[in-house]
Structure formats: structure tokens, C-alpha cells
Amino acid sequence: MKTIVISAVNIRQGGTLTILRNCLEYLSGVVANGEYRVVALVHNKDLVCYPGIEYIEMPDCIKGWGRRLWCEYVTMRAVSKKLAPVYLWLSLHDTTPRVNAVRQAVYCQTSFPFLKLRPRDLLFNYKIVLFGLFTRFAYRIGIKKNKYLVVQANWLRDGFAKMFGLPRSRFIVAPPERKAAEPGLLYDGKSDVYTFFMASIADCHKNFETLCEAARLLQDEVGTGKFRVVLTIGADDNRYSKWLHSQWGTVESVEFAGYMDKKRLYDNYSTADCLVFASRVETWGLPISEFAVTGKPMLLADLPYAYETAAGAHRVAFFDACNAVELKDLMKHAMEGDCSMFASVPHVTPEAPVANTWQELFDILLG
């Protein structure tokens, strides 16, 4: 049997964990067919336990960048020799480890190398700034050893190809699956006042400040009680959310609603009148995909990720992510029922290679 190794020692939560789970769930079925042996290098196998997969746990690799680099370029080399011969080594967390394998591939999961940094980002979360700088460096190490690089969006293929001087044909575009609304989670509700909703975590690059300032300007213009802005962050989640609350906590139209579980999140999708998503950079922009199935208006940052994620939606308007006045004007038009600024976002089919399912992806990687 040919051996496939999935290295994901740094993945523990969020969207990257979902990708790891989906990957191993698919490979569990492949193992059952008896054609391949699959070994997963993980932080904790209890997070991703699937039948037929062999696990090697490496819990210490997350204890600092020094240990992470040692793991990638020393420990994994030894592991690859022990598992030899390895046919495919797929790294799911951005770096290209130094290993012995017939072919290698890397899944580029972060968009931080494309984040335009601001001085205050260092104050709110220096780790994001350092991670953005580090990934630019870490991506380059051994990157040309990969037969393929996997990205979720075409704009990332264009950006990375230019950044690293690689042909676009080396990149597989594997977008997240677009799912229909889940029964029981999405219903046709209506809010008492016109409601704008922004769903995200309290990271400084999510750019809640543009929406908060737009809400303040709109409230000054139309008064209170005419609209509300619901945010999925609390007043004291971290240094960034505390700063947001200190600046805009007195704006009556802005509600710091806090973290929402899936049920509450989808309830808010259904009762909101319009989604606002102002993030300065995203690999994909999941709230856009989740909200788009409602068919309701969306106001999105005028950035490449938003166009790609919103493809196929019919009531979308874009704004400069740093321009609160422009967003305020769009919000006013939306709440007044003026749909003239909304338009459809066309589908653009990426050039091959493209993989819409895990089977299609591994057919390319193994073929």
C-alpha cells in the first residue's frame, strides 16, 4: 500500500481544524478500500479520531516557534524515514517540512501575508503582526519542493504565485463547499427595527471600527431607534474589543452582543436585514457564505476575498474598508429601501487545476 502522511501538528481549533477533520474523514473512507495507508501527525488525536487513520501525536510542537521549526525541519525528517517509503506528504498548515517523500504538497491556510498592517495592530495583538511577517518567511522555506500548493480562493493563487515566483499551474484552487441553509436553523424572521449584523471574532484585522464609526455617523444623521448594529463580540473579550467599546460603547445603535453559538448565530442571520462584513483580509469570509443563502442585502469590504466569496449573490454592494462615511451612506440607502446600489456578483470559474471536493483534490495530488 502507498503511504499518505498528513502533517497538522499546529491545528487545534477554528476553520483549520474543520479542514483537518474533513480531510481525515474523507481519507478514512479511502483507507477502508485498502489502497492506501494514512498517517496523521497531530497535536491531539482526540480532536480528529477517524477509523483506519494511524496517528502520531506531537503536543509539544506548539510551545514556541523554535520547537515548531525544529519539528518541521528535523523531527518530521526522521518520521518520514521511519515511515518510508512515503508517496504523498501533505502539510495542512502553511509550511513545507523537510521530509523524504515521492511528492509533497502544502495547504496554504492563512491570508495574513496579504494583510496591510497598521501601527495600532501591534497594540491590539502583536502576534497577528508577527505571524503575518513570519508566514511570509516560513512559506518560502522549501516551497519549490511541493508539486502542488492548495489554496481556497483564486485571489490567493494569484497573490502567492506573484509573491513566490511560482507558476499558477502549481496551485490547486479548492474552495470551501457552498452549503444550502440548514433546516431548523434558518427561518424567515423579521426585526423590529432595521438591523445590520456583523459576525466575526474580536481580532484587529476584522475591522469592526469602520462599522462602528459608520453607525455613529448614521445615528447622528437619522437619530436613535431607526436602526441597530449587532456585533458578535463582547465589550471585554480582549484588548481590541475593549478599545472598540471605549470608543463606540456609548453609541445607542451599536450592540456588543458577544459570542454566539451556531443556533443563536443563525437566528441572527434570519432576523437581520443586512449583513456587513468589513474585514481587511480573509482567506474566504465564511459569514458571507452563510448569510448569502438568505438572499438579503450584504455590504462588503471592497477586497478580492469578498468578491470571490459572494459570487452568485444578487444584492451586494461594496465599500472601501477604511471609509466609514461611504459605509454610512450605503447603510442609509439600505434602511430606506433604496436598492439601486445593490448588484449581482458574477461567478468566475477559476482556471484548472480546481478541486471542489476532497476526492477531486486527492485525485490531483495522487495522480
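For this structure, a couple of remarks:
- Residue match in the range 264-285 (condition: part of a helix (DSSP H, G or I), closer than 24 Å to residue 116 by Cβ and not aliphatic (A, V, I, L, M)): no
- Condition met for residue 331 (over 25 Å from residue 114 (Cβ atoms), of a type in the set (A, V, I, L, M) and surrounded by fewer than 19 Cβ atoms within 10 Å (Cβ to Cβ)): no
- The one condition in (1) closer than 19 Å to residue 363 by Cβ; (2) without any contact (Cβ under 8 Å) to a residue 12 or more places away in the chain that residue 35 fails to fulfil: (2)
- Screening residue 38 on (1) over 21 Å from residue 146 (Cα atoms); (2) in contact with a Leu (Cβ under 9 Å, 6 or more places away or on another chain); (3) crowded, with 19+ Cβ neighbours inside 10 Å shows it passes everything except condition (1).
Results for (1) part of a helix (DSSP H, G or I); (2) out of contact with any strand residue (DSSP E or B) (no Cβ under 8 Å at 6 or more places or on another chain); (3) crowded, with 18+ Cβ neighbours inside 10 Å; (4) not assigned by TED's automatic domain parsing to the domain that holds residue 101, shown as yes or no for each residue.
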site: 113; (1), (2), (3), (4): yes, yes, yes, no
site: 117; (1), (2), (3), (4): no, yes, no, no
site: 124; (1), (2), (3), (4): yes, yes, yes, no
site: 137; (1), (2), (3), (4): yes, yes, no, no
site: 144; (1), (2), (3), (4): yes, yes, no, no
site: 148; (1), (2), (3), (4): no, no, yes, no
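- Of all the listed residues (272, 343), the sole one being over 22 Å from residue 109 (Cβ atoms), surrounded by fewer than 21 Cβ atoms within 10 Å (Cβ to Cβ), aliphatic (A, V, I, L, M) and in contact with a strand residue (DSSP E or B) (Cβ under 9 Å, 6 or more places away or on another chain) is 343.
- Residue match in the range 167-177 (condition: in contact with a Leu (Cβ under 7 Å, 6 or more places away or on another chain), surrounded by fewer than 19 Cβ atoms within 10 Å (Cβ to Cβ) and not hydroxyl-bearing (Ser, Thr, Tyr)): yes
- Test: residue in the range 105-114 that is in contact with a Phe, Trp or Tyr (Cβ under 6 Å, 6 or more places away or on another chain) and of a type in the set (S, T, N, Q): no
- Here the range 295-306 is the region considered, the condition is being buried (at least 20 other Cβ atoms within 10 Å of the Cβ) and touching a residue at least 60 places away in the same chain (Cβ under 8 Å), and the residue that is nearest to residue 330 (Cα to Cα) is 299.
- Condition met for residue 246 (among the small types (Gly, Ala, Ser), assigned to a helix (DSSP H, G or I), surrounded by fewer than 21 Cβ atoms within 10 Å (Cβ to Cβ) and at pLDDT 95 or above): yes
Each row is one residue, and each column tells you yes or no for (1) closer than 24 Å to residue 152 by Cα; (2) touching a strand residue (DSSP E or B) at 6+ places or on another chain (Cβ under 7 Å); (3) of a type in the set (Lys, Arg).
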{"residue": "2", "(1), (2), (3)": "no, yes, yes"}
{"residue": "74", "(1), (2), (3)": "no, no, no"}
{"residue": "77", "(1), (2), (3)": "no, no, yes"}
{"residue": "82", "(1), (2), (3)": "no, no, yes"}
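- Among the residues of the range 320-341, those identified as in contact (Cβ under 8 Å) with a residue 24 or more places away in the chain, within 18 Å of residue 304 (Cα to Cα) and touching a Leu at 6+ places or on another chain (Cβ under 9 Å) are 321, 327.
- Every residue from the range 316-337 that is more than 16 Å from residue 287 (Cβ to Cβ) and assigned to a loop (DSSP other than H, G, I, E, B): 320, 322, 323, 336, 337
- Residues of the range 130-153 that are of a type in the set (Lys, Arg) and modelled with pLDDT of 85 or more: 144, 145, 147.
- Residue 276 vs. criteria farther than 16 Å from residue 347 by Cβ, assigned by TED's automatic domain parsing to the domain that holds residue 219 and either at pLDDT below 95 or in contact with a helix residue (DSSP H, G or I) (Cβ under 8 Å, 6 or more places away or on another chain) (or both): yes
- Selection within the range 292-315 - more than 17 Å from residue 210 (Cβ to Cβ) and outside any loop (DSSP other than H, G, I, E, B): 292, 304, 307, 308, 309
- Some residue of the range 59-80 being touching a Lys or Arg at 6+ places or on another chain (Cβ under 8 Å), of a type outside the set (Asp, Glu), under 16 Å from residue 105 (Cβ atoms) and modelled with pLDDT of 90 or more: yes
The values are calculated or read from the model by the stated rules, or taken from the named source; none is laboratory data. Since the model is a prediction, treat every value here as computed from it, not as a measurement. Every residue, glycine as well, gets a Cβ built from its backbone with ideal geometry; the counts of neighbours run over all protein chains shown.
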